[in-house]
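Structure first, then comments.
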Amino acid sequence: MNRIGIDLGGTKTEGILLDENLETIERKRVPTPQNDYNAIINSITNLVNELKTKTNESTIGICTPGAISKKTGLIKNSNTQCLIGMPLKEDLEKTLGQTISMENDANCFAMAEAKMGAAKDFDVVFGVIMGTGVGGGIVINKKIHSGRTNIAGEWGHHTLIQNGNKCYCGKNGCVETYISGPALEKKWNELTGKQESLPQIIQNLDNEIGIQWKNEFLNNFGIALANVIDILDPDAIVLGGGVSNISFLYDEGKKAVYDKVFSDLVDTPILKNQLGDSAGVFGASLL
Ligand SMILES: [Zn+2]
């Protein structure tokens, strides 16, 4: 059967139609309506219906910002605020007239990279998103491992530093508040007084402050991922999101992780994603 995947992003919504061999038949991108739940429902419905004109039957998978509560079926933890507390899956099943699959963006990322990207040769894959936020997803034998309550892989809100930076989730010291893009830029601003973007910062690390910033980043990255390896011992870790473009994460970063794992043997591949921004829409189609 053909597959339709929709990636609902904060600014754009992308749709794709794949055939049985996962070859792209059609791909389309529209702006995401801002702060208007009903407009988002209409926009996704129109996009799917347009893709449906090119196929007979197809599965539909949707990648959303935020998770679906297993308790209520409603969206939670979303940075697209108008979705919070809404029955997105149920409402879309009504307008589309068929059942759909829905997963958060980190799970879709992990699924796409595990099935057709950087980790396609591995069985147990931990997919990491380090961007505006930090998230993760676990794929085992090409299936998402959601866990008993749908939070498996959510390492972005592990406590990294007790009583540390305040997080929007209500806790302190979460991984996200140290190694997300905005957190790294904020730290640079505190150290240098400069408002610079991550790509700019990376160009200026060969000085005392730069070394301090980088060492702290590597240390936090190392602890955060070593904890994951200690629990899951995955066959591969794939990094995604804007922060994953930093090349030193794949040598010095990897070493920082290995140094902190509780084992005399660590060889977990830490891989750069292959699908880039397309992981969400491919992952959605594979659900
Ligand atoms: Zn948090």
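Every number in this text was worked out from the coordinates using simple rules, so none of it is lab data. All values reported here derive from a predicted model rather than from experimental measurement. Ideal geometry is used to build each Cβ from the backbone, glycine not excepted, and the neighbour counts take in all protein chains shown.
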*Of all residues in region 154-166 being over 18 Å from the mean Cα position of the chain (by Cα) and within 25 Å of Ile144 (Cβ to Cβ), the one that is surrounded by the most Cβ atoms within 10 Å (Cβ to Cβ)*: Leu160
*What number of residues within region 256-287 are surrounded by fewer than 18 Cβ atoms within 10 Å (Cβ to Cβ), in a loop (DSSP other than H, G, I, E, B) and touching a strand residue (DSSP E or B) at 6+ places or on another chain (Cβ under 7 Å)?*
1
*When only residues in region 28-58 that are surrounded by fewer than 14 Cβ atoms within 10 Å (Cβ to Cβ) and either on the phi > 0 side of the Ramachandran plot or aliphatic (A, V, I, L, M) (or both) count, which is farthest from the chain's Cα centre (by Cα)?*
Ala39
*Among the residues of region 154-173, count how many are closer than 19 Å to Gly222 by Cβ and either in contact (Cβ under 8 Å) with a residue 24 or more places away in the chain or out of contact with any Cys (no Cβ under 7 Å at 6 or more places or on another chain) (or both).*
9
_Qualifying residues in region 85-127 (those that are free of Cβ contacts under 8 Å to residues at least 60 places away in the same chain and of a type in the set (Ser, Thr, Tyr)) - the one surrounded by the most Cβ atoms within 10 Å (Cβ to Cβ)_ = Thr95
*asked:* If I ask for residues that are more than 9 Å from the ligand (Cβ to nearest atom) and either surrounded by 21 or more Cβ atoms within 10 Å (Cβ to Cβ) or under 22 Å from Ile231 (Cβ atoms) (or both), which ones from region 174-186 would you list?
replied: Tyr178, Ile179, Ser180, Ala183, Leu184
*Among the candidates Ser197, Ser244, which residue alone is away from the ligand (no atom under 16 Å from the Cβ) and in contact (Cβ under 8 Å) with a residue 60 or more places away in the chain?*
Ser244
_Can you list the helices (runs of 4 or more DSSP H) lying wholly within region 136-214 that have 3 or more residues being at negative phi and not hydroxyl-bearing (Ser, Thr, Tyr)?_
181-192, 198-202
*Quick one: count up the residues across region 1-27 that are under 21 Å from the mean Cα position of the chain (by Cα), in a strand (DSSP E or B) and free of Cβ contacts under 8 Å to residues at least 40 places away in the same chain.*
2
_So, Val243, is that one under 30 Å from Ile62 (Cβ atoms), under 23 Å from the mean Cα position of the chain (by Cα) and part of a helix (DSSP H, G or I) or not?_
yes
_Positions within region 151-173 being more than 9 Å from the ligand (Cβ to nearest atom) and within 22 Å of Asp233 (Cβ to Cβ), in sequence order_ = Ile151, Ala152, Gly153, Glu154, Trp155, Leu160
*Which of the residues that make up region 4-41 are small (Gly, Ala, Ser) and closer than 22 Å to Gly85 by Cα?*
Gly9, Gly10, Ala39
*asked:* Quick test for you: out of Cys82, Cys63, pick the one residue that is touching a residue at least 60 places away in the same chain (Cβ under 8 Å) and either surrounded by fewer than 24 Cβ atoms within 10 Å (Cβ to Cβ) or not aliphatic (A, V, I, L, M) (or both).
replied: Cys63
*asked:* Among the numbered criteria (1) of a type outside the set (Ser, Thr, Tyr); (2) in contact with a strand residue (DSSP E or B) (Cβ under 8 Å, 6 or more places away or on another chain); (3) within 16 Å of the ligand (Cβ to nearest atom), which one does Ile223 miss?
replied: (2)
